[in-house]
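J.: I am attaching a structure below and will ask some questions about it afterwards.
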Amino acid sequence: MTREASAVALGPGEGARIPNPVGEAIVFKARASETGGTMTVFETVVVPGEGPPLHLHTNEDEAVYVLEGDVHFRLGPDLHRSSAGAFLFIPRGTPHTFQNVGSDSARLLVIFTPSGMERFFERIAADESRAGDQALFAAAGHEVGLDVVGPPLGT
């Protein structure tokens, strides 16, 4: 059953905030409940040196817009150095990861379509004492079709 979408208008910094498993915070701009299941959108802050393990999504396409910072992205076999203004589209099934290679925090706008990835981030945030735990990352990912296929960049 498809839910009805509703209009969303949020100002800077507005939105539900949860801890980021690889950074400071995730601020949800739109979730399944607002978009009728069509997308999940959030802004995230990633601290220097951090990034997720190499992974892929079986259910969602992902788009990332770099708002601030200097970030390396691995998309399949290719490495891309991306700074503010860069855009990346990651089709489902593409192994990918990123790392903030700058000396300051990076800020990213992330869009998943269809929605559903918010459950992963909420599951990790619910067990904040295990933040950064790769086993929790993999287990929470498995629940939503995120498969860890390798280590983070720089390891």
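What follows is calculated from the coordinates using simple rules that are stated; it is not laboratory data. Just so it is clear, the model here is predicted, and its values are computed rather than measured. Glycine gets a Cβ as well: all are built from the backbone with ideal geometry, and neighbour counts include every protein chain shown.
J.: Computed FRET efficiency, Cβ-Cβ of residue 104 and residue 126, R0 22 Å: what is it to the nearest 0.05?
T.: 0.15
J.: May I ask you to evaluate 6.51 cos²θ - 1.76 cosθ + 1.60, the Karplus curve with θ = phi - 60°, for each residue of segment 42-50 and list the ³J(HN,Hα) values in order in whole Hz, giving x for glycine and proline?
T.: 8, 9, 9, 10, 10, 6, x, x, 8
J.: I would also like to ask the following. Quick one: Karplus J couplings for segment 81-93, per residue in order, coefficients 6.51, -1.76, 1.60, θ = phi - 60°, nearest Hz, x for Gly and Pro?
T.: 8, 10, 10, 3, x, 6, 10, 10, 10, 10, x, 3, x
J.: Tell me which residues come under 5 Å, amide H to amide H, from residue 84 once H is placed; ignore anything under 5 positions away on its chain.
T.: Amide H neighbours of residue 84, under 5 Å, 5+ apart: 69.
J.: Here is a further query. Taking the Cα of residue 5, stepping 7 Å toward and past its beta carbon, and measuring to each backbone N in segment 25-45: which are under 13 Å?
T.: What the label zone holds, given the 13 Å backbone N cut-off, is 30-41.
J.: Here is a further query. Could you work out the relative contact order of segment 20-148? I mean the mean sequence separation of Cα pairs under 8 Å and 6+ apart, divided by the number of residues, in percent.
T.: Relative contact order comes out at 31 percent.
J.: Filter the trypsin sites (Lys or Arg not before Pro) in segment 1-87 to those in DSSP coil with at most 15 other Cβ atoms within 10 Å of their Cβ, and list the result.
T.: Filter output for segment 1-87: 3.
J.: For residue 79 and residue 33, what is the calculated FRET efficiency with R₀ set at 41 Å and r taken between the beta-carbons, to the nearest 0.05?
T.: 0.70
J.: Would you mind checking segment 85-109 for residues with the amide N under 14 Å from a putative spin-label position 7 Å along Cα→C-beta of residue 47?
T.: Correct set: 100, 103-106.
J.: Among [x] 15.4, 51; [y] 64.1, 205; [z] 14.6, 46, find the value of Rg and Dmax of the Cα atoms in Å that was calculated from the structure presented, and write down its label.
T.: From the options [x] 15.4, 51; [y] 64.1, 205; [z] 14.6, 46, the structure gives [z].
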